[in-house]
Amino acid sequence: MHEHLSGDERLERGVVFRKGRGLYDVMTRDGQVQCSISNRLHKQLQYPISDPASGTRRGVQRVGRIDFVDPVAIGDEVLFAPAEPGSGLIREVAPRRNALSRTIVDVKRKGGGRTVEQVIAANVDRVVAVFAAAKPKPTWHLLDRYLVGAEASEIPALLCVTKMDL
């Protein structure tokens, strides 16, 4: 976890380990930091900037559909600008090695029925599906979904059936 300089700003590296309502808990070499996402990063993800070499005078290339729920997922490696002690602002998200995600229907949008991707976890080393042997009765279709998701993302999977319920 190294320090990174972006212009005059000192950025630190960390991994998101918990998130909720626009706040992301990031683990760094020095401990935990609670971050929010920068408006610049959020806008870059929503409004791609046109190429300066294209000769166009407009800054925004297009306003595209937003095909994701949250641009930062648990497991993402991020660069953030430290703020007050214990807080920061996420400026960059590193490319992901892999991701476990699901597709959900966005019914709040006008016209509804549009699908968006929700990344559950990023940079996953292994998927471990833990199921009770009898109580509650295993939901095999859920296990199928876990295993298919792991296979699609090329993540090794392990099945754990516990008898603690017996």
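The table below lists the values:
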quantity: From the options Ala81, Ala134, residue that is assigned to a loop (DSSP other than H, G, I, E, B), in contact with an Asp or Glu (Cβ under 7 Å, 6 or more places away or on another chain), open to solvent by less than 80 Å² (accessible area, probe 1.4 Å) and at pLDDT 65 or above; calculated: Ala134
quantity: Answer residue from the stretch 137-160, given it is touching a residue at least 12 places away in the same chain (Cβ under 8 Å) and either more than 23 Å from Asn123 (Cβ to Cβ) or in a helix (DSSP H, G or I) (or both) and is most open to solvent (accessible area, probe 1.4 Å) among those; calculated: Tyr146
quantity: Residue match in the stretch 112-123 (condition: at pLDDT 90 or above and either part of a loop (DSSP other than H, G, I, E, B) or open to solvent by 100 Å² or more (accessible area, probe 1.4 Å) (or both)); calculated: yes
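Table: residues versus (1) assigned to a strand (DSSP E or B); (2) at pLDDT below 95; (3) within 28 Å of Leu147 (Cβ to Cβ); (4) small (Gly, Ala, Ser).
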{"position": "Met1", "(1), (2), (3), (4)": "no, yes, no, no"}
{"position": "Leu5", "(1), (2), (3), (4)": "yes, yes, no, no"}
{"position": "Phe17", "(1), (2), (3), (4)": "yes, no, yes, no"}
{"position": "Lys43", "(1), (2), (3), (4)": "no, yes, no, no"}
{"position": "Ala53", "(1), (2), (3), (4)": "no, yes, no, yes"}
{"position": "Val63", "(1), (2), (3), (4)": "no, yes, no, no"}
{"position": "Asp70", "(1), (2), (3), (4)": "no, yes, yes, no"}
{"position": "Lys108", "(1), (2), (3), (4)": "no, yes, no, no"}
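The values are calculated or read from the model by the stated rules, or taken from the named source; none is laboratory data. Treat the numbers as computed from the prediction; the structure is a model and nothing was measured. All Cβ positions, glycine included, derive from the backbone under ideal geometry; neighbour counts span all protein chains shown. The protein model used for the area step is the full one, side chains on, heavy atoms only, and it has no ligands, DNA or RNA in it. Shrake-Rupley method; radii C 1.70, N 1.55, O 1.52, S 1.80 Å.
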